[in-house]
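Let me give you the structure first, and then I'll get to my questions.
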Amino acid sequence: MRKNSLQKIGLEGSVPAKIVFRRIMTILGTALVLAFFVKLSELERFNYFVKILNVESLIEFLLFALLFFVLLITLFFTTRYARHDAMSRDRMLGIVCLSLLLTYACSWAFGELINLYISPVLLASLLVATLVDKKIGVVTQIIVSNSYFLLNMVLFKDTVVLSENVGSLLTSIIVSIFMIMLIGKSSTRLKFTVMGFVLGVGTAFIPMIIHLASGITDSYTVLMGGVWSAVAVLLSVSLYMVTLPLMEYVFKVNTVFRMAELCSLESPLLKKLVKEAPGTFNHSLIVGNLAELCADAINEDTQLAKAAAYYHDMGKVKNPEYFIENQKGYNPHDDIIPEVSVSMIISHVTAGYEMLKAGGIPDVIANIALEHHGTTPVNYFLYKAQGYTEESVDKIEFSYPGPKPRTKIGAIIMIADTVEAASRAVGNYEDPEDFRKFVHSLIKGKMDTNQFSDCPITFKELSIIEDTLVEAVPSMYHTRIKYDNHKKRK
Ligand SMILES: [Fe+2]
Ligand SMILES: [Fe+2]
């Protein structure tokens, strides 16, 4: 097969020519529309088409388009450094292009309607940082800020504008870096918005200092430099909050905010779990902590791991008393045959999956709930059934139906779930060496039954997960014991 030119220069690996062509067309189309918005900002209201159709104006338009084309190509190549497993590069490109289009369209609209200085310069970088990757978000901001700087210098050539431009360039990059650092640290959208407002007002002194340093002494100009800078940040954060849910929906991305909302006890399904199966809820919280640590150790999405853990056993709310963690003395399995017991136990994976789908929980979490036991047998009831008969018992009938975990987070949930339940049951975590052997045997048991055959997890990652759990589980239980004792003493 002949290689296209991008493949020849080694920039695109083995991507087919059709996809490369589609990407170039997306970038070119976006560059043309961005250049169009810049020209609209430059031209007088209601007179666009008369002015845009002269030769000089058309050449300027094409130069702007070329500039945006180069910037977008650069941004596209930086997406190579984002997490590849999280989303395809085409989706990343779509998010980057749409974010930039929104930013420039809003800049033009607010410039027309209110004031030229009101540009939501942080909008694109905040959207890209939340929906794609934080590093790409910072690069986006550097590109957007510099393009605004260059374009304003081309369009308006005077000292006050130069000073304002430098102020806005620096402020936008500084604020965006701080805002991007806050993504994932602020648990709710409201807290993030408030922090954005604080940062916007708190950094208003930067353009004022630059005005003073560049020799502008008119106090009104200096003051307004700070005011416009703060307004631009406030506008960016407000537009970000409005457009983010739409982008989450269009590109089907689960952002840190969505994950935090899912992990909040305000979530209706978690409220149901707390009320109807408190033992399972407690187990899910511990699995959540362990899964978060394991995900961090192998560089996976910690928020997703935690949320998936919180919902993995949701199906147990259908018959909570059949699960040991919710029993208070009476065990209904004592009164039924093992075949019925096992069907009650196994049904929690499909019941959970259906509840999560019906409750609007993201597919990635519902799928993990369906996969978290893979095709493992429920050994307790398998052995119990074998004890009742001379004939061999069908192992498949006593096994979960699958599918097996298909993602690394799915594998983490399977392991953390098993280790938590087994450690709680056995209580064998006092001696570190014994506990390591115990955890190793549990993970090996999953490997021996091929539970990770459908998922891209490596031996090295499994070994890191083992180390993480060996360290985390005992300290987690110690903390809990101390906490319980403390509570009892009170
Ligand atoms: Fe389960
Ligand atoms: Fe579980």
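Of a type in the set (Gly, Ala, Ser), modelled with pLDDT of 85 or more and farther than 20 Å from Ile136 by Cβ: does that describe Ala31? Please lay out each step first, then the result.
Values: of a type in the set (Gly, Ala, Ser): yes; modelled with pLDDT of 85 or more: yes; farther than 20 Å from Ile136 by Cβ: no.
No; evaluated as a whole, the condition is false for this residue.
Filter segment 296-324 down to the residues that are more than 16 Å from ligand 1 (Cβ to nearest atom) and over 15 Å from Val364 (Cα atoms), then identify the one that is modelled with the lowest pLDDT.
Checked segment 296-324; the qualifying residue modelled with the lowest pLDDT is Asn299.
What tally of residues in segment 416-457 results from selecting those that are within 16 Å of ligand 1 (Cβ to nearest atom), polar (S, T, N, Q) and in a helix (DSSP H, G or I)?
2
Which count do you get for residues in segment 231-272 that are in contact (Cβ under 8 Å) with a residue 24 or more places away in the chain and over 16 Å from Pro362 (Cβ atoms)?
The qualifying residues number 13.
Mind checking which helices (runs of 4 or more DSSP H) fall wholly inside segment 241-331 and carry at least 2 residues that are in the same structural domain as Ile345 (by TED's automatic domain parsing), within 16 Å of ligand 2 (Cβ to nearest atom) and open to solvent by 30 Å² or more (accessible area, probe 1.4 Å)?
On the way: elements: 256-263, 268-276, 278-297, 302-311.
In segment 241-331, 268-276, 278-297 are the helices (runs of 4 or more DSSP H) which contain 2 or more residues that are in the same structural domain as Ile345 (by TED's automatic domain parsing), within 16 Å of ligand 2 (Cβ to nearest atom) and open to solvent by 30 Å² or more (accessible area, probe 1.4 Å).
Got a sec? Which of Tyr400, Tyr388 is within 26 Å of Ile443 (Cβ to Cβ) and either of a type in the set (Phe, Trp, Tyr) or away from ligand 2 (no atom under 14 Å from the Cβ) (or both)?
Details: Tyr388 fails: within 26 Å of Ile443 (Cβ to Cβ).
Just a single option satisfies the conditions, and that option is Tyr400.
Next question. Gly225 passes all but one of (1) in a helix (DSSP H, G or I); (2) under 24 Å from Val96 (Cβ atoms); (3) modelled with pLDDT under 85; which number fails?
Unmet for Gly225, out of (1) in a helix (DSSP H, G or I); (2) under 24 Å from Val96 (Cβ atoms); (3) modelled with pLDDT under 85: (2).
Which one is farthest from ligand 1 (Cβ to nearest atom), of the residues in segment 337-356 that are open to solvent by 50 Å² or more (accessible area, probe 1.4 Å) and at pLDDT below 95? Steps first, answer last, please.
Going residue by residue through segment 337-356, those that are open to solvent by 50 Å² or more (accessible area, probe 1.4 Å) are 337, 339-340, 343, 350, 353-354.
Narrowing further to those that are at pLDDT below 95: 337, 339-340, 343.
Numbers: Ile337: 22, Glu339: 19, Val340: 18, Ser343: 14 Å.
Restricting to residues being open to solvent by 50 Å² or more (accessible area, probe 1.4 Å) and at pLDDT below 95, the top hit is Ile337.
Let me ask something additional. Surrounded by fewer than 16 Cβ atoms within 10 Å (Cβ to Cβ) and assigned to a helix (DSSP H, G or I): does that describe Ile174?
Criteria met by Ile174.
Something else about it: Determine whether segment 438-459 contains at least one residue that is free of Cβ contacts under 8 Å to residues at least 24 places away in the same chain, open to solvent by 40 Å² or more (accessible area, probe 1.4 Å), more than 23 Å from Thr375 (Cα to Cα) and away from ligand 2 (no atom under 16 Å from the Cβ).
no
When Lys384 is evaluated against the numbered criteria (1) closer than 30 Å to Glu261 by Cα; (2) not in a loop (DSSP other than H, G, I, E, B), which criterion, by number, is the only one it fails?
Of (1) closer than 30 Å to Glu261 by Cα; (2) not in a loop (DSSP other than H, G, I, E, B), only one is false for Lys384: (1).
Pairs please, first residue from segment 52-74 and under 18 Å from Val154 (Cα atoms), second anywhere and part of a helix (DSSP H, G or I) and acidic (Asp, Glu), Cβ atoms under 9 Å, 6+ apart in sequence or on different chains.
Filtered contacts from segment 52-74: Ser57/Glu42; Glu60/Glu42.
Yes/no per residue for (1) modelled with pLDDT of 60 or more; (2) surrounded by 10 or more Cβ atoms within 10 Å (Cβ to Cβ); (3) not assigned by TED's automatic domain parsing to the domain that holds Asn146:
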{"residue": "Leu11", "(1), (2), (3)": "no, yes, no"}
{"residue": "Ile27", "(1), (2), (3)": "yes, yes, no"}
{"residue": "Leu43", "(1), (2), (3)": "yes, yes, no"}
{"residue": "Phe46", "(1), (2), (3)": "no, no, no"}
{"residue": "Lys51", "(1), (2), (3)": "yes, yes, no"}
{"residue": "Asn54", "(1), (2), (3)": "yes, yes, no"}
{"residue": "Leu62", "(1), (2), (3)": "yes, yes, no"}
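Out of (1) in a loop (DSSP other than H, G, I, E, B); (2) at pLDDT 85 or above, what's the single condition that is false for Cys106?
Result: Cys106 fails condition (1) only.
Considering segment 394-403 alone, what residues qualify as being surrounded by fewer than 18 Cβ atoms within 10 Å (Cβ to Cβ) and more than 34 Å from the chain's Cα centre (by Cα)?
Just the residues of segment 394-403 that are surrounded by fewer than 18 Cβ atoms within 10 Å (Cβ to Cβ), to begin with: 394-397, 401-403.
Asp394, Lys395, Ile396, Glu397 - these are the residues of segment 394-403 that are surrounded by fewer than 18 Cβ atoms within 10 Å (Cβ to Cβ) and more than 34 Å from the chain's Cα centre (by Cα).
The values are calculated or read from the model by the stated rules, or taken from the named source; none is laboratory data. As the structure is a prediction and not an experimental result, all values here were calculated from the model. Cβ: placed from backbone, ideal geometry, glycine included. Neighbour counts: every protein chain shown. Heads up: the accessible areas ignore ligands, DNA and RNA and are worked out on the full protein's heavy atoms, side chains in. Shrake-Rupley method; radii C 1.70, N 1.55, O 1.52, S 1.80 Å.
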